[in-house]
Amino acid sequence: ALVDDEDYDRLMAMGKWHLNNNGYAAKSEKYRKEDGSIGNRTILMHRFIMEAPKGMEIDHWDLEKLNNQQCNLRICTRKENARNQGKNKANTSGYKCVYWYGKYGKWVTQIRINNKQITLGYFQNIHDAAKAYNEAAIKHYGEFARLNEIPQ
């Protein structure tokens, strides 16, 4: 994992860290429950570094789960974190939120706003569809907008 020099000693003082099943740097530790029994809990390195409050998430700006430098991390809500996601793994267009709509023979782009899927339009040109998504994402997602890279 990548960490800032200022965090290194504090992290190493906690003992060994490992890669968890979700690809994050983590540490397991035992703790005493209120009933006196012993339980296990996982501490995620990025949450520890940022001292994340309960109910908040940590966004990795560059989507690299092991880049835990403070300049790459930001405290956010679940919605904000979701806005910064990359393309869906099943994506075939190469652009975030752009899909081929066979019924019309056009590219369609959509964006999710306030838990509603909004269709931004149908396009002959895939790059126009990607641009439409980018414009809407900037408007509605602000600093958390993950934009499509469109060739000039």
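For this structure, a couple of remarks:
- Candidate set from the range 35-50 (those that are assigned to a strand (DSSP E or B) and closer than 15 Å to residue 65 by Cα); member that is farthest from the chain's Cα centre (by Cα): 43
- The residues of the range 32-43 that are more than 23 Å from residue 72 (Cβ to Cβ) and open to solvent by 70 Å² or more (accessible area, probe 1.4 Å), listed by number, are 32, 33, 34, 35, 38, 40, 41.
- Residue satisfying all of: in the range 17-34; at pLDDT below 95 and part of a loop (DSSP other than H, G, I, E, B); farthest from the chain's Cα centre (by Cα) among these: 34
- Residue that is farthest from residue 87 (Cα to Cα) [pool: residues in the range 121-145 that are in contact with a helix residue (DSSP H, G or I) (Cβ under 7 Å, 6 or more places away or on another chain) and not hydrophobic (A, V, I, L, M, F, W, C)]: 121
Yes/no per residue for (1) among the aromatic types (Phe, Trp, Tyr); (2) in contact (Cβ under 8 Å) with a residue 24 or more places away in the chain; (3) surrounded by fewer than 10 Cβ atoms within 10 Å (Cβ to Cβ):
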position	(1), (2), (3)
13	no, no, yes
17	yes, yes, no
26	no, no, no
45	no, yes, no
48	yes, yes, no
52	no, no, no
56	no, no, no
61	yes, no, no
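- Residues of the range 1-15 that are in a loop (DSSP other than H, G, I, E, B), modelled with pLDDT of 95 or more and over 25 Å from the mean Cα position of the chain (by Cα): 13 alone.
- Residue pairs meeting the criteria (Cβ under 8 Å; at least 6 apart or on separate chains; first closer than 19 Å to residue 106 by Cα, in the range 126-149; second part of a helix (DSSP H, G or I)): 148/130; 148/131; 148/133; 148/134
- Residue satisfying all of: in the range 82-102; modelled with pLDDT of 95 or more and not in a loop (DSSP other than H, G, I, E, B); most open to solvent (accessible area, probe 1.4 Å) among these: 100
The values are calculated or read from the model by the stated rules, or taken from the named source; none is laboratory data. These numbers were taken from a predicted model, which means no experiment stands behind them. We place every Cβ from the backbone using ideal geometry, glycine too, and count neighbours over all the protein chains shown. Just the protein is used for accessible areas: all its heavy atoms, side chains included, with ligands, DNA and RNA removed. Shrake-Rupley method; radii C 1.70, N 1.55, O 1.52, S 1.80 Å.
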